[in-house]
Amino acid sequence: MSTNVNIRLALDRVNMGLLAQNQTRAPRLYTPGEVVTGQLGFMKGHGTYVEGDDIKASVAGVMEQVNKLISIKPLKSRYVGEIGDVVVARITEVQQRRWKVNTNSRLDSVLLLSSVNLPGGELRRRGVEDEQMMRKYLQEGDLISAEVQNIFDEGTLSLYTRSLKYGKLSQGVLVKVFPSLVKRRKTHFHNLTCGASIILGNNGFIWISPTVNSEADGGDGGYAQNLNEVIPRGDREVIARLRNCILALAHCKMMLYDTSILYAYEESMKYEVHELLQQEAIFDVAFLTQHRLRLQEE
């Protein structure tokens, strides 16, 4: 049995100049029990507690300040939904007039029968026939894209797919990252120039698929799944490269949005797809991407 061993000098692994430059603007990381501020007049927010005159961190993360309110945003946490968030989720159970959905939050979310499009886009009241057909619309294991419509008192999220861009997802790859790494943007549906479509779910679930013609298919919504369609090898390689680039950025705790992912894809072209799983390639792509983002900001 033989294996290939790749050995490189530490000096050649990453650009140390860019590494030193990026470290100067790294955010301050607070650990549990560490004093965030001892000044009077500040209010404690999520992830903090008061001990004496000091506000201390109760979780490991970075500080966020809004006027006099100080909170600590944890690096690792379950998804805490907000109304209007775009999520990629999986159906876990079919119940009476609703579906139970896994959105990576503390509690299972719900998708009401009244919150989905009927086949053909009919606009009418849901009846007994629709309730009996629920499993034909969506069943256990199906992946969907949806939007958070409401948040109940106990924290359960109510989803809806009453738009053509939402609905059942077909062929593609699901990537799971920490929800805090997905940057909130005006739109989370992107057709990248590299030849793939991507849905950046605020819940940390990212869906990568071949670029679809929304005009021909009537949008991403609906219930049609063409699992017999053969995806060309070139498209599969693009999807695999994007997946490895997203995991590389997530490994280095970089924010994920369309620009950062596209930059990482371009910087990764000097590597083969499988080489992006190596530690030095991960750091190299992440640091070069971060450098391009800083140049863009300046």
Check: Within the stretch 169-198, can you find the residues that are part of a strand (DSSP E or B) and out of contact with any helix residue (DSSP H, G or I) (no Cβ under 8 Å at 6 or more places or on another chain)?
Finding: Leu174, Lys176, Val182, Phe189, Asn191, Ser197
Check: Can you tell me which residues in the stretch 233-284 are hydrophobic (A, V, I, L, M, F, W, C), open to solvent by 50 Å² or more (accessible area, probe 1.4 Å) and farther than 21 Å from Asn202 by Cα?
Finding: Met269, Leu277, Phe283
Next item on the list: Take Ser158 and decide whether it is at pLDDT 90 or above, among the polar types (S, T, N, Q) and under 20 Å from the mean Cα position of the chain (by Cα).
Entry: yes
Item checked: Considering residues of the stretch 27-56 that are open to solvent by 50 Å² or more (accessible area, probe 1.4 Å) and among the basic types (Lys, Arg) only, the residue farthest from Pro74 (Cα to Cα) -> Lys44
Note to self: If I filter the stretch 68-83 down to residues being small (Gly, Ala, Ser) and either open to solvent by less than 40 Å² (accessible area, probe 1.4 Å) or touching a Leu at 6+ places or on another chain (Cβ under 6 Å) (or both), which single residue comes out as farthest from Lys183 (Cα to Cα)?
What the structure shows: Ser71
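The values are calculated or read from the model by the stated rules, or taken from the named source; none is laboratory data. Source: prediction; values computed, not measured. Don't worry about glycine lacking a Cβ; one is built from the backbone with ideal geometry, like all the others, and counts go over all protein chains shown. Remember, those area values only see protein heavy atoms, side chains included, never the ligands or the DNA or RNA. Shrake-Rupley method; radii C 1.70, N 1.55, O 1.52, S 1.80 Å.
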